Amino acid sequence: MDAFTAYAICFGAGVVFTLISAISAHVFGGEGDVDGGMDAGGVTAFSPLSPSAIAAFVAAFGGFGMILTRIEATSSPWISVPASVVGGVAVAGLTLLILNTVFSRTQSSSEGRIAALAGTSATVISPIPVDGVGEIAYVQAGSRYSAPARSENGAAIANGATVKITRIVGTQFYVSIS
């Protein structure tokens with residue numbers, strides 16, 4: 001087998017794996033790259049050894065190799081293999097950078113957003129009884145949310161009252177009349 005054929009096989013295998021992954025993710029419920037772990041912020045982070053990175057490397061390695069074997073100055077395997085490895089690593093790294101950037105912007109931990117709610121106005125949508133739990137609705141980043149709520153001082157708060165979120169403990173919001 002000549003070098004061009006070996007590179008073509010690598011290129012084809014990388015492209016086919018990528019296409020199969022994309023199609024199966026779409027067909028089977030969008031569970032795309034299941035290799036993503038969580039980073040410290042609770043956001044999906046792709047590993048350099050993820051299937052996406054490996055497929056990008058193999059396809060790029062093959063692609064660069066096919067091109068380099070057709071150029072007389074780089075046709076020797078002693079030149080084309082290391083250059084193809086460098087090209088494959090660069091493309092895989094760029095792929096990881098793009099995937100991590102996209103996922104960090106589309107998925108983010110709700111912890112930071114919830115912590116920022118203290119001081120936000122809300123409306124009681126289910127009355128809060130004395131020392132009991134009711135429900136509030138609040139708007140954050142243009143979306144309306146609801147949450148279980150208790151009165152900060154234990155007093156009853158009527159339906160429709162405007163309150164201020166004072167703190168959040170677990171999933172329980174504490175409010176006071178504003």
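Taken one residue at a time, the phi angles of the stretch 48-54 give Karplus couplings (6.51, -1.76, 1.60, θ = phi - 60°) of x, 9, 6, x, 5, 5, 5 Hz. Gly and Pro are set to x.
Once backbone amide H atoms are built at 1.01 Å from N, Ile157 has Ile128 as its partners under 5 Å, excluding neighbours fewer than 5 places away on the same chain. The peptide list 59-68, 72-81, put in order of mean Cβ contacts within 10 Å with the highest first, becomes 59-68, 72-81.
Database remark: amide H of Arg167 closer than 5 angstrom to the amide H of Tyr174 (H placed geometrically; neighbours at sequence offset of 5 or more, or on other chains; Pro and chain starts carry no H).
How would the stretch 54-106 be classified by its alpha-carbon gyration tensor: rounded, prolate or oblate, with rounded meaning a/c under 1.5 and the a/b versus b/c comparison settling the rest? Judged from the Cα gyration tensor, the stretch 54-106 comes out prolate (a/c at least 1.5, a/b above b/c). For the stretch 119-136 versus the stretch 72-92, the inter-centroid distance based on Cα atoms is 64 Å. Between Val130 and Asp2, the simple label model (points 7 Å from Cα in the Cβ direction) yields a spacing of 9.2 nm.
To the nearest 20 debye, what is the magnitude of the charge dipole of the stretch 60-162 about its Cα centre, counting +1 on the Cβ of each Lys and Arg and -1 on the Cβ of each Asp and Glu? That gives a dipole near 240 debye.
The distance between label points at Ile114 and Ala156 comes to 2.9 nm (points 7 Å beyond Cα on the Cα→Cβ vector).
The label point for Ile71 and the one for Ile20, both projected 7 Å from the Cα toward the Cβ, are 3.2 nm apart.
All of the numbers you see were taken from the coordinates with simple rules; none came from a lab. In this text, all values refer to a predicted model and were calculated from it rather than measured experimentally. Using ideal geometry, Cβ is built from the backbone for each residue, glycine included, and neighbour counts are taken over all protein chains shown.
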